[in-house]
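Only one structure is covered here, and it is reproduced in the block below.
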Amino acid sequence: MMKPMTSKERIDAVPAHREAYERIEAAKGRGYILAPGCDMGADTPPENVKMLAKACMDKGASV
């Protein structure tokens, strides 16, 4: 289980949420798969991955 994000971590991750949300919107319900992929860098902040999942949940997508 991941620890809750601090306020700073949340603010830093906002661009990741916005980008994920925009990509989901662009798909217009056509079965778009949004995932970090196998080339996600080891130094990717966990907060960014959390925001990707949050964007999916905000749009009502399956996670």
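Yes/no matrix, rows are residues, columns are (1) more than 11 Å from the chain's Cα centre (by Cα); (2) surrounded by 12 or more Cβ atoms within 10 Å (Cβ to Cβ); (3) modelled with pLDDT under 80:
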{"residue": "Arg10", "(1), (2), (3)": "yes, yes, yes"}
{"residue": "Ala13", "(1), (2), (3)": "no, yes, yes"}
{"residue": "Ala20", "(1), (2), (3)": "no, yes, no"}
{"residue": "Arg23", "(1), (2), (3)": "no, yes, no"}
{"residue": "Ala35", "(1), (2), (3)": "no, no, yes"}
{"residue": "Asp43", "(1), (2), (3)": "yes, no, no"}
{"residue": "Glu47", "(1), (2), (3)": "no, yes, no"}
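The residue of region 50-63 that is surrounded by the most Cβ atoms within 10 Å (Cβ to Cβ), among those that are in contact (Cβ under 8 Å) with a residue 24 or more places away in the chain and of a type outside the set (Asp, Glu), is Met51.
The values are calculated or read from the model by the stated rules, or taken from the named source; none is laboratory data. All values reported here derive from a predicted model rather than from experimental measurement. Every residue, glycine as well, gets a Cβ built from its backbone with ideal geometry; the counts of neighbours run over all protein chains shown.
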